[in-house]
Each structure stands twice: as C-alpha cells, then as structure tokens.
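K.L.:
I'd like to ask you about the structure that follows.
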Amino acid sequence: MSTDAFPTRRGRMEYVCTQCGARRGVEELLYTCPECGGVFLLEDLDFESMKETPAPVWRELFDARRATRNTALRGIFRFYELMAPVLEQEDIVYLGEGDTPIIEASPALRDALGVRFAFKNEGQNPSASFKDRGMAGAFSYLRALVRMHGWDEVLTICASTGDTSAAAALYASYVGGGIRSVVLLPHGKVTPQQLSQPLGSGALVLEIPGVFDDCMKVVEYLAEHYRVALLNSKNSWRILGQESYAYECAQWYGWDLAGKSLFVPVGNAGNITAIMSGLLKMHSLGIIEKLPRLFGVQSHHADPVWRYYSRPEAERRYEPVKVQASVAQAAMIGNPVSFPRVKKLVARYTAAGGDFNMVQVTEQAIMDAMIIANRHGHIACTQGGECLAGLLRARELGLIDKSDFSILDATAHALKFSGFQNMYMEDSFPPEFGVKARPELVCAPRLLLSPERRAMLDETAFTAEAAGELARAAGLKSR
Ligand code: F0G
C-alpha cells in the first residue's frame, strides 16, 4: 500500500462515560455524560477487528508512513488507525505537531546523576508544548463537525495554565473559517511568554483572579449554558490526539518498551490519561509486547493524584487540594478533571501487567533538575525538570535501578518558563516557592564596560578595551 494514501478503514467511535458506562454517538461534541456528569473517553467499537491484522503489519505500516508525502499523515495522524479512524482527510489539521525527538541525556549529565534517561522534547511542537497533539485531534474533529452541520460560526473556549490556550489560539487562528478562540487564564499565573502566544494569534484573552481550578469551573459552567466548543481535555478528542506521544515513544525504540520507564508530569491529568490509553491500545494489538513502567510526577505544592495513590489501596480517597505557588506552574492544579479517567486506566494498566506509580517532588528539586539538565544541552521546561526530579526521587525510593532506562516528558520548551530560570539565577524566588539557588548552578550576565566608560572611548580604543575585558573575564591567554 502506498504510504501516501489516506487510510480507507473507518472505525465506529463512541463516547463512553468513565463513571456510569453510558454511551453516546459522536455526531455531537460532548464533554460530560448527560446521565451522571462523568467524563468520557472515546472508543472505537471496531477496535477488536484490528487484531485481525498481525502486529508486524501494523508496525511496518507506521514505520513506512514516516516517509509519507501526504501532509495529513505527517504528524500525529501517522497513527490514524489507533486514534480517530472516523476523520476524513479533508478535515485533518496539520501544523507540524508531533514526531518530536527523544534526546538521550548528555553523557556528563547521565554520569553526574547516575541514571540512564532521555528527554522527549515536546517543546519542539509548533506552540512549544505537547498540547498541539491534542489540538490537532480536537480541531480536526471540529472541522468535521462544522462541515457536517454547515455551521458558520464556532466559538472555542478553554481554561488554561498557559499552554492549552497557546495551542488552542494557534490552531483556531490557522483554521479560521468562523472558528474563533476565547481563552480564560488565571491572572498573573501564566508566564509572559505563554500569555504572548494567544495574543499573537489574535484570540480573545480573558483573565480572572484565582488559579486554574477557578477558570475551569467558569468554562465548565459556560459549556453547560452556552453554545461553545470546550477545548480543555474534558474534550476527549484531545486525549486521542495526545495518545500519539505513546505511539512515538514505542516507534522510536523499535516498538520495544520492555524495561523502560516513562515519566510524565501530572496536572489536569489529561496527558497521563492519553499516554496510558495509547500504551494499552498498542499492547492489546501486540504492537508492543510489554507495557513500560509508568511514573506520574507531582510537586508537593499540587499533588492530589500522588496523595490518592500514596495510600494503601483500601484507604484511597480522592480529595482535591488547594494549590500553592509552583514553578511547575503549568501543572499547578488541585482538582484534575481527568482523575476519574486515570483511576479507570490505572486499573486496566495494572491488570494488563503494567506498573503504575506516582512520585512527589519538591519545588527545589524541580528547579535544580531543570537547571542542571539545561546546562547539559537540554531544553526542558520546569515540568520537564519535574520529571527528572521524579526520576531521581524514584531512584532514591528504590523504585528505579541504575541499569533502567527512562523517557522523561519535557512537556514544553524551556523558553516558556525563562522567568523561573531568571529567579533562580538571581536567587530571587518569592518565599512561597521555597526555592534557593545552588551557587554552582547560577549563571548570570556580566557587563564588560559601563555605558559611561564606552562613551569616553573612540572605536579603536573601545574594541581593544572590550576585548581585553572579555579576555580577562574568560581567562584567555594572549598569543
Ligand atoms: N506540562 C505542561 C507544559 C503543561 O502545560 C501541562 C498542562 C502539564 C504539563 C500537565 O499536563 O494537565 O495533561 O496533566 N497544562 C494545561 C494547560 C493544564 O492549561 O495548559 P496535564
């Protein structure tokens, strides 16, 4: 089969409620179950029939598709059959998302930390975070809806800690055609870089005092009472798109994840849901033979999922937490919307022989980990730092062995979180973060000449003096 041909097999997708099991058709965009209010997952009723195709054939198809010239299959939809096999080629939105590289820890970093690992650089997505995977899924479905219903206007809305809004605004502005984007942000709790993204895309950017959890309540209310398309991960089409992360991890390692561990930062818990779901699908089709170990990581300032799983099974009780200031601000969420999905999938994951863990890390450990990683040529955001801190914590707890290999989700680009890096370099964290700079990790700019001094020198003298100062600062020897 030509790898340029768009797949012809179509599945039959349905929303399935994670709480009461109710099922609904996908002609409508639904977020929560009309019966019980539970969150949905999407299921292909014909998934079982995919088992008639042997696993090596699936692997070969996805591998061959890496060379496709069909734009609709270049990004996350390389794995079309595993995600949303109801979409038509004309509806697929592609902005270059997915296919992000997995970069092994620099040898010096690996040796310094005594663990073997790699970062999957999700910051190399178009809006510089993994959210683009989900948006490619959600917007492709939205385009299908718009086409089917002949709508001439759709208002999309999301609450966000900064990255969902950046991605939603980007895709909405690209797709256009009556699709407009509104984003609701917690005032002062997204970074200036993240805030600049929906502004640059021309979205309607609204803010409220409070934290992400407050914004989420407002957009949920809105979605119940008004005609809007919700783009938070309550929207299960986003979860499908984000499964591509798991498919890419497997493909990168030749469809063999045995003996590997995946570390994922957990905020609203959409990402870990998607990754588990993707791993389970591949496992059930035999595309991967063994499930990797899975570690969710949370900061001690926003750790409801860790709290739940840290108790013995019989005593587990889910309680939202009130978040405190976190450098992993994008994951600073006290009441994750996808928690019921996680619970459901963890049960399936462990039943299928997988190992699921949650680890909790300190704010200090997150910052130190991010800084030390990036000093070794990586581009991890604070949430990527959180994953590395989680790996170190897991090793401390004896959950990870020296010989194990871990894939850490660097969920966004370091540049989105440069403000936290600056605070570290200036050792100026407000006390609520509880982070102090380790002097050996600090790097700060130095002015070689004052403007007054520069004004006193002609061009020749300036060049010589600046070069002399530079040589002194860098410890250069003259020739
Ligand atoms: N890392 C980054 C960079 C994020 O933006 C988020 C979530 C997470 C990790 C946590 O992922 O929510 O799927 O568990 N950001 C959302 C947002 C909440 O609005 O951008 P999750």
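Values in this text are rule-based calculations from the coordinates and carry no lab data. This structure is a prediction, so every number in the text was calculated from the model and none was measured. All Cβ positions, glycine included, derive from the backbone under ideal geometry; neighbour counts span all protein chains shown.
K.L.:
Helix 131-149 against the longest principal axis of the chain: what's the angle in degrees, Cα atoms only, rounded to the nearest 10?
P.N.:
For 131-149 against the chain, the angle is about 40 degrees.
K.L.:
Here is a follow-up. Amide H to amide H, which residues 5 or more places from Met358 or on other chains are under 5 Å from it, using H placed in the peptide plane?
P.N.:
Here the answer is Gly296, since their amide H atoms fall under 5 Å of that of Met358.
K.L.:
Normalising by the residue count of the chain, find the relative contact order in percent from Cα pairs under 8 Å and 6+ residues apart. Mind dumping the intermediate values first?
P.N.:
Values: 934 pairs, mean separation 73.0, N = 479.
For the chain, the relative contact order is 15 percent.
K.L.:
Restricting to bridges with both residues inside the chain, how much of the DSSP beta-bridge set is antiparallel, in percent to the nearest 5? All intermediate terms of the calculation are to be shown ahead of the outcome.
P.N.:
Values: 14 of 49 bridges.
For the chain, the DSSP antiparallel bridge percentage is about 30.
K.L.:
Using Cα centres only, tell me the gap between the stretch 416-440 and the stretch 305-326 in whole Å.
P.N.:
27 Å
K.L.:
If I model the stretch 17-65 as equal point scatterers sitting on the Cα atoms and use the Debye formula, what is log10 I(q)/I(0) at q = 0.15, 0.22 Å⁻¹?
P.N.:
Log10 I(q)/I(0), no solvent term: -0.59, -0.77.
K.L.:
Moving on. Say R0 is 45 Å: what FRET efficiency, to the nearest 0.05, do Gln89 and Leu457 get from their beta-carbon distance? Please list the in-between numbers first.
P.N.:
Numbers: r = 64 Å, r/R0 = 1.42.
Plugging the Cβ-Cβ distance into 1/(1 + (r/R0)^6) gives 0.10.
K.L.:
Starting at the first residue of the stretch 108-117, write each ³J(HN,Hα) from the Karplus equation 6.51 cos²θ - 1.76 cosθ + 1.60 with θ = phi - 60°, in whole Hz, x for Gly and Pro.
P.N.:
Karplus values, whole Hz, x for Gly and Pro: 5, 5, 4, 5, 5, 9, x, 9, 9, 6.
K.L.:
Right, another one. Please go through the residue pairs Lys281/Lys402; Lys281/Lys436; Lys120/Lys234 and name each one whose alpha carbons sit more than 31 Å apart in this structure. Provide the component values of the computation, followed by the final result.
P.N.:
Values: Lys281/Lys402 29 Å; Lys281/Lys436 43 Å; Lys120/Lys234 25 Å.
Beyond 31 Å between Cα atoms: Lys281/Lys436.
K.L.:
Using the Cα centre of the chain as the reference point, and only Cβ charges (+1 on K/R, -1 on D/E), how large is the resulting charge dipole? Debye, rounded to the nearest 20.
P.N.:
So the magnitude is around 540 debye.
K.L.:
Can I ask one more? Could you list His301, His413, His376, His149 in order of exposure, starting from the residue whose Cβ has the fewest other Cβ atoms within 10 Å? Let's see the in-between values first.
P.N.:
Details: His301 25, His413 22, His376 14, His149 11.
Ordered by Cβ neighbours within 10 Å, fewest first: His149, His376, His413, His301.
K.L.:
Return the sequence-ordered ³J(HN,Hα) values of the stretch 182-188 in whole Hz as given by the Karplus equation 6.51 cos²θ - 1.76 cosθ + 1.60 applied to θ = phi - 60°, using x for Gly and Pro.
P.N.:
10, 10, 10, 10, x, 4, x
K.L.:
Beta carbons within 10 angstrom, averaged per residue: use that to sort the peptides 82-92, 466-476, highest first.
P.N.:
82-92, 466-476
K.L.:
Taking the Cβ of each residue in Asp427, Asp458 as the centre, tally the other Cβ atoms inside 10 Å and list the residues starting with the fewest.
P.N.:
Asp458, Asp427
K.L.:
What nm distance separates the two modelled labels at Ser2 and Arg348, each placed 7 Å from Cα along Cα→Cβ?
P.N.:
Modelled inter-label distance: 3.5 nm.
K.L.:
Can you figure out the FRET efficiency of Asp401 with Ala55, using R₀ = 22 Å and their beta-carbon distance, to the nearest 0.05? Before the final figure, lay out each step's value.
P.N.:
Working: r = 28 Å, r/R0 = 1.29.
FRET efficiency, Asp401 to Ala55: 0.20.
K.L.:
Now a separate question. Nearest 10 degrees, 0 to 90: what angle lies between the long axis of helix 382-396 and the longest principal axis of the chain (Cα atoms)?
P.N.:
90 degrees
K.L.:
State, to one decimal in nm, how far the label point of Glu48 lies from the label point of Trp252, with both points 7 Å from Cα in the Cβ direction.
P.N.:
3.5 nm
K.L.:
Amide H of Leu230: which non-local residues (sequence gap of 5 or more, or other chain) have their own amide H closer than 5 Å, using H built in the peptide plane?
P.N.:
Long-range HN contacts for Leu230: Ile157.
K.L.:
Got a sec to turn the phi values of the stretch 60-68 into Karplus ³J(HN,Hα) couplings, 6.51 cos²θ - 1.76 cosθ + 1.60 with θ = phi - 60°, whole Hz, x for Gly and Pro?
P.N.:
4, 4, 5, 5, 5, 5, 4, 9, 5
K.L.:
Among 349-360, 283-294, 236-247, 59-70, what's the highest-first ranking by average C-beta atoms within 10 angstrom per residue? All intermediate terms of the calculation are to be shown ahead of the outcome.
P.N.:
Working: 349-360: 16.8, 283-294: 19.5, 236-247: 28.3, 59-70: 15.1.
For the peptides 349-360, 283-294, 236-247, 59-70, the packing ranking is 236-247, 283-294, 349-360, 59-70.
K.L.:
I would also like to ask the following. Tell me, how many Å apart are the Cα centres for the stretch 150-202 and for the stretch 55-134?
P.N.:
23 Å
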